[in-house]
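**Student:** Structure incoming, see below.
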Amino acid sequence: MFNVENKVIAITGASSGIGEVTAKLLAKNGATVVLGARRTQRLEKIVEEIHNQGGTAEFKAVDVTNREDMKAFIHFAKDRFGRVDVIFNNAGVMPLAPLNALKVEEWDTMINVNIHGVLNGIAAGLPIMEAQGSGQFINTASIGAHMVVPTGAVYCATKYAVWAISEGLRQESKKIRVTTISPGVVATELGSDITEESAKDTLKELRQIALTPDAIARAVLYAVSQPDDVDVNEIIVRPTKSAF
Ligand SMILES: NC(=O)c1ccc[n+]([C@@H]2O[C@H](COP(=O)([O-])OP(=O)(O)OC[C@H]3O[C@@H](n4cnc5c(N)ncnc54)[C@H](OP(=O)(O)O)[C@@H]3O)[C@@H](O)[C@H]2O)c1
């Protein structure tokens, strides 16, 4: 596809859900994809599937909360393929709970993965893209970057932050494209880390109407495939039937 073929695209959160399906779609359209996450057995299997379809892919273990780890992941992509055209900062967690449950460690985890993870991706990739004179960050926010729901205060706060960081980066960058993707409800493993009973019910309720991850993957493909002078800054993708 136009402006996708042969691009080197590093993807975090690529071991399941949106990241996995996006990696496969981009590879099918000729991109070289570098997959990162912690569950390497899954990454290995996904990379094997991409190879079997004739695509180009590699994987590397990464914990996005660790700045050095993230740097090593992005530099792995650059060393292996010579450049880094797109970084899809997509890893995220969502242990929903009401604030008065005081799940303070889960608050920290969300802040570390969802905010520091994106910042670590920017810190690792921005110098490379500035030296290249081009590049694109695609950051996964959420519909939770545009509205807050009970049990979602901290999760939504992290996604508002992803929105703000992306917007700031966009304003500061004349050569680097910045895209914020805000999915509505998508059927993935997200939320499997919820420990609070009422929040499990909230998620079950929300998931009654959900997209499949390919809907988000197509939005990423669209943003990447635009000509270099076109910067698709923001995409919200909701299930048609959903009010959220
Ligand atoms: N599903 C939805 O309804 C929805 C809606 C709006 C936004 N989103 C956002 O979409 C993104 C992808 O989520 P998903 O729905 O595809 O859920 P998912 O299937 O649970 O995927 C989450 C991914 O993040 C990775 N991850 C989590 N912590 C990590 C860490 N410390 N270091 C590296 N990777 C880490 C996981 O891999 P490992 O566990 O293998 O590390 C996994 O690959 C997230 O940012 C999420 O907030 C999802």
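The values are calculated or read from the model by the stated rules, or taken from the named source; none is laboratory data. The shown structure was predicted, so the numbers you read here are calculated from the model rather than taken from an experiment. Heads up, the Cβs are rebuilt from the backbone with ideal geometry, glycines too, and the neighbour counts pull from every protein chain shown. Each accessible area value is taken on the protein alone, full model and side chains, heavy atoms only, with ligands, DNA and RNA left out. Shrake-Rupley method; radii C 1.70, N 1.55, O 1.52, S 1.80 Å.
**Student:** For segment 2-47, give me each residue that is open to solvent by less than 10 Å² (accessible area, probe 1.4 Å), within 12 Å of the ligand (Cβ to nearest atom) and assigned to a helix (DSSP H, G or I).
**Tutor:** Hits for segment 2-47 are GLY19, THR22, ALA23, LEU43, ILE46.
**Student:** Still on this structure, please answer the following. For segment 121-150, what are the residues that are within 13 Å of the ligand (Cβ to nearest atom) and open to solvent by 40 Å² or more (accessible area, probe 1.4 Å)?
**Tutor:** If the condition is that a residue be within 13 Å of the ligand (Cβ to nearest atom) and open to solvent by 40 Å² or more (accessible area, probe 1.4 Å), then HIS146, MET147, VAL149 are the ones that fit.
**Student:** Then there's this: Among the candidates GLU189, GLU234, GLU196, single out the residue that is touching a Ser or Thr at 6+ places or on another chain (Cβ under 8 Å), within 10 Å of the ligand (Cβ to nearest atom) and not basic (Lys, Arg).
**Tutor:** Being touching a Ser or Thr at 6+ places or on another chain (Cβ under 8 Å), within 10 Å of the ligand (Cβ to nearest atom) and not basic (Lys, Arg) holds for just one of GLU189, GLU234, GLU196, which is GLU189.
**Student:** Can you find a residue in segment 207-222 that is in a helix (DSSP H, G or I), touching a residue at least 60 places away in the same chain (Cβ under 8 Å) and more than 14 Å from the ligand (Cβ to nearest atom)?
**Tutor:** yes
**Student:** Within segment 24-45, track down each residue that is closer than 22 Å to ASN66 by Cα, touching a strand residue (DSSP E or B) at 6+ places or on another chain (Cβ under 8 Å) and of a type outside the set (Val, Ile, Thr).
**Tutor:** Result: LEU35, GLY36, ALA37, ARG38, LEU43, GLU44.
**Student:** OK, next. Listed residues VAL178, VAL104, VAL118; which is on the phi < 0 side of the Ramachandran plot and either within 14 Å of the ligand (Cβ to nearest atom) or basic (Lys, Arg) (or both)?
**Tutor:** VAL118
**Student:** Which number in (1) away from the ligand (no atom under 15 Å from the Cβ); (2) not in a helix (DSSP H, G or I) marks the one condition that ALA164 misses?
**Tutor:** It fails just one condition, (2).
**Student:** Please identify the pairs in which a residue from segment 131-156 that is closer than 15 Å to THR179 by Cα has its Cβ atom under 6 Å from the Cβ atom of a residue that is in a helix (DSSP H, G or I) and within 10 Å of the ligand (Cβ to nearest atom), counting only partners at least 6 apart or on another chain.
**Tutor:** Once the first residue is closer than 15 Å to THR179 by Cα and sits in segment 131-156, its partners that are in a helix (DSSP H, G or I) and within 10 Å of the ligand (Cβ to nearest atom) give ASN139/VAL118; ASN139/VAL162; ALA141/LYS159; ALA141/VAL162; SER142/LYS159; ALA145/LYS159.
**Student:** Moving on. Against the definition (in contact with an Asp or Glu (Cβ under 7 Å, 6 or more places away or on another chain) and in contact (Cβ under 8 Å) with a residue 40 or more places away in the chain), how does VAL8 come out, yes or no?
**Tutor:** yes
**Student:** Also: Tally up the residues in segment 175-206 that are part of a loop (DSSP other than H, G, I, E, B) and among the basic types (Lys, Arg), please.
**Tutor:** 1
**Student:** With respect to PHE59, is the statement that it is assigned to a strand (DSSP E or B) and open to solvent by less than 30 Å² (accessible area, probe 1.4 Å) true?
**Tutor:** No, not satisfied.
**Student:** Going by the conditions given, is THR32 of a type in the set (S, T, N, Q) and closer than 19 Å to VAL84 by Cβ?
**Tutor:** yes
**Student:** ALA153 fails exactly one of the following numbered conditions: (1) touching a Leu at 6+ places or on another chain (Cβ under 6 Å); (2) open to solvent by 20 Å² or more (accessible area, probe 1.4 Å); (3) within 12 Å of the ligand (Cβ to nearest atom). What is the number of that condition?
**Tutor:** Against the list (1) touching a Leu at 6+ places or on another chain (Cβ under 6 Å); (2) open to solvent by 20 Å² or more (accessible area, probe 1.4 Å); (3) within 12 Å of the ligand (Cβ to nearest atom), ALA153 comes up short only on (3).
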